[in-house]
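Engineer: Would you mind keeping the following structure in view while I ask a few things?
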Amino acid sequence: MRIPPLLVAFALTFATASVLAQSRPYNAKALARYDTSYVKCEARFPDMAGHKDEAYLGLWRIKLDPKSTARLAEIRSSAAYKAERQVVAKGAAKPAASAASNALERQCRGLWGEFERAPKAKP
């Protein structure tokens, strides 16, 4: 029995896309940028304080559990994460324009709205 080449190509593409989709939330550069922005959101919206990981994983529809928390901690201790945090900190030292401030506020409100809509784990 011979497997059609198109079917093999589809299977490989699907498997690769699945692996990439699973690793996307755990990208060190993206996480560093998110963490920096979330600190600014917490300063504007005190209700957001203490929900950084839960809100981030909620964007990817991943539940906050010990495994995902450990994976985030591992990434935050990586050299790539720390290097990106330094790059972002240098950019954040510049004064923000009012248009950028409004964009950040919209992003914060959108993130918090997603967080509030996400189903919560029952205790």
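Engineer: Just to be sure, is THR16 at pLDDT below 80 and of a type in the set (Ser, Thr, Tyr)?
Structural biologist: Yes; evaluated as a whole, the condition is true for this residue.
Engineer: Return the residue satisfying two criteria in turn: it lies in the stretch 40-78 and is in contact (Cβ under 8 Å) with a residue 24 or more places away in the chain, in a helix (DSSP H, G or I) and of a type in the set (Gly, Ala, Ser), and of such residues it is farthest from LEU104 (Cα to Cα).
Structural biologist: So, considering only residues that are in contact (Cβ under 8 Å) with a residue 24 or more places away in the chain, in a helix (DSSP H, G or I) and of a type in the set (Gly, Ala, Ser), the one farthest from LEU104 (Cα to Cα) is GLY58.
Engineer: Regarding ALA55, is this residue within 16 Å of ARG24 (Cα to Cα), of a type in the set (A, V, I, L, M, F, W, C) and modelled with pLDDT of 80 or more?
Structural biologist: When the stated conditions are applied, ALA55 passes them.
Engineer: So, ALA28, is that one buried (at least 16 other Cβ atoms within 10 Å of the Cβ), in contact with an Asp or Glu (Cβ under 8 Å, 6 or more places away or on another chain), at pLDDT 90 or above and more than 23 Å from GLU116 (Cα to Cα) or not?
Structural biologist: On the way: buried (at least 16 other Cβ atoms within 10 Å of the Cβ): yes; in contact with an Asp or Glu (Cβ under 8 Å, 6 or more places away or on another chain): yes; at pLDDT 90 or above: yes; more than 23 Å from GLU116 (Cα to Cα): yes.
Criteria met by ALA28.
Engineer: Okay, moving on. Mind listing whichever residues of the stretch 58-82 are of a type in the set (Val, Ile, Thr) and modelled with pLDDT of 95 or more?
Structural biologist: Result: ILE75, single match.
The values are calculated or read from the model by the stated rules, or taken from the named source; none is laboratory data. Quantities reported herein were computed from a predicted structural model and do not represent experimental measurements. Using ideal geometry, Cβ is built from the backbone for each residue, glycine included, and neighbour counts are taken over all protein chains shown.
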